[in-house]
Amino acid sequence: MLLPVVSCSQMIVPEPAGADRILCLNARLYTADTLHTVSACYGCRTGVEPAPGTVVACFVNGVRVDEAVADSLGDAPLRAHIRPGDTVCITAEAPLAPSVSAKAVAPPVPTIGYASFEDFSMLMQVVDSTPEEEYFVVKLYEDDRVYNQDSGEVVLQERTGVLVPGEQERVFSDHAFAGAAKTMNISYHSNRYTYMYKDYGSYDYEVSDKQRFVLETSMRLRLCSLCAEDYWTSFLLSGDNWDGFENPLDQLGSPVVYPSNVDGGAGLVAVRSCADAVLPYAEVIMDGNGHVLSDRYLF
């Protein structure tokens, strides 16, 4: 007698341990700003998705200063005055995940020795003020202001980032400073000529040859001090290095792990203390018909 033998098999897919969904917070809070954004999202086994409806609160030195509800993208705007040395705590309660909190201390303000222009690059001297290793991020902004020379009324005011195209910021450390100040050359891309031939005389004004419109452009360098976790995260996300600055990847001896200070969840909430240096850059004067009357650099 022959008996049929049926072989049964079942595919077993192991499930990772832990919660199905956790709350993630990410924020960079600047001492120079009063309006900040905290981004909330869910970290799921299938990916990441926004966490709208999350109630986010901000405490400065133990005092509750503001609260906001995250929008459809998970962004919550908060208003807070933060000074160097302040302790900032962010708490968040989401509809679909346990509550989380994060705490950060605003580092000391960095010291800019001087800032100047040379061959259409900006030179910045950074002072190594402590024996401990310090971390920084530098940004450049181009502030443009157009006003009617007769009335003084501002027609246009804009602010744009002007690091070389595609770059928003650069992070570095004073690891190689050896206790001395270091001067760095920062390349930038100016938007000055994109505005030069715009007919500001037709901007809500009657066109007149007698009117004079003045375009003033200034470069604003913002140097911020960072905590170590913010430094590593920012550099690893940028994926490149900057000639003349310390390369953090040279110090890595283990697999890359992104820092997190969110208790009960994931992500990084950090405070950046800012020092600004503003340098006049260019001035263009034109008549009411948009004709350039004078055009000069201010450095």
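The values are calculated or read from the model by the stated rules, or taken from the named source; none is laboratory data. Since we're looking at a predicted model, the values are computed, not measured. Cβ sites come from the backbone with ideal geometry, for glycine too, and all protein chains shown count toward neighbours.
Descriptive notes on the structure:
Per-residue answers, yes or no, for (1) assigned by TED's automatic domain parsing to the domain that holds D33; (2) touching a residue at least 24 places away in the same chain (Cβ under 8 Å):
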| site | (1), (2) |
| --- | --- |
| C89 | yes, yes |
| A94 | yes, yes |
| S129 | no, no |
| V154 | no, no |
| N185 | no, yes |
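- Residue match in segment 249-256 (condition: at pLDDT 55 or above and either acidic (D, E) or assigned by TED's automatic domain parsing to the domain that holds F59 (or both)): no
- Filter pass, V154 being surrounded by fewer than 18 Cβ atoms within 10 Å (Cβ to Cβ) and either among the hydroxyl-bearing types (S, T, Y) or in contact with a strand residue (DSSP E or B) (Cβ under 7 Å, 6 or more places away or on another chain) (or both): yes
- The set of residues in segment 255-299 that are part of a strand (DSSP E or B), over 30 Å from D20 (Cβ atoms) and touching a helix residue (DSSP H, G or I) at 6+ places or on another chain (Cβ under 8 Å) comprises R272, Y281, A282, V284, M286, D287, V292, D295.
Residue-wise test of (1) more than 30 Å from A270 (Cβ to Cβ); (2) in contact (Cβ under 8 Å) with a residue 40 or more places away in the chain.
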{"position": "I112", "(1), (2)": "no, yes"}
{"position": "M124", "(1), (2)": "no, yes"}
{"position": "K139", "(1), (2)": "no, yes"}
{"position": "R145", "(1), (2)": "yes, yes"}
{"position": "G161", "(1), (2)": "no, no"}
{"position": "P165", "(1), (2)": "no, no"}
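- The numbered conditions (1) within 16 Å of M286 (Cβ to Cβ); (2) at pLDDT 80 or above; (3) more than 21 Å from the chain's Cα centre (by Cα) are all true for D150 except (2).
- Considering residues of segment 104-122 that are surrounded by 15 or more Cβ atoms within 10 Å (Cβ to Cβ) and touching a Phe, Trp or Tyr at 6+ places or on another chain (Cβ under 9 Å) only, the residue nearest to V164 (Cα to Cα): M122
- Segment 34-60, subset surrounded by 15 or more Cβ atoms within 10 Å (Cβ to Cβ) and under 16 Å from the mean Cα position of the chain (by Cα), residue farthest from V109 (Cα to Cα): S39
- Restricting segment 160-218 to residues that are of a type in the set (K, R) and farther than 30 Å from D230 by Cα, the residue that is modelled with the lowest pLDDT: K198
Conditions tested, residue by residue: (1) out of contact with any strand residue (DSSP E or B) (no Cβ under 6 Å at 6 or more places or on another chain); (2) at pLDDT 95 or above; (3) assigned to a strand (DSSP E or B); (4) assigned by TED's automatic domain parsing to the domain that holds D230.
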{"site": "S9", "(1), (2), (3), (4)": "yes, no, no, no"}
{"site": "L29", "(1), (2), (3), (4)": "no, yes, yes, no"}
{"site": "A32", "(1), (2), (3), (4)": "no, no, no, no"}
{"site": "H36", "(1), (2), (3), (4)": "no, yes, yes, no"}
{"site": "Y42", "(1), (2), (3), (4)": "no, no, yes, no"}
{"site": "P52", "(1), (2), (3), (4)": "yes, yes, no, no"}
{"site": "A76", "(1), (2), (3), (4)": "no, yes, yes, no"}
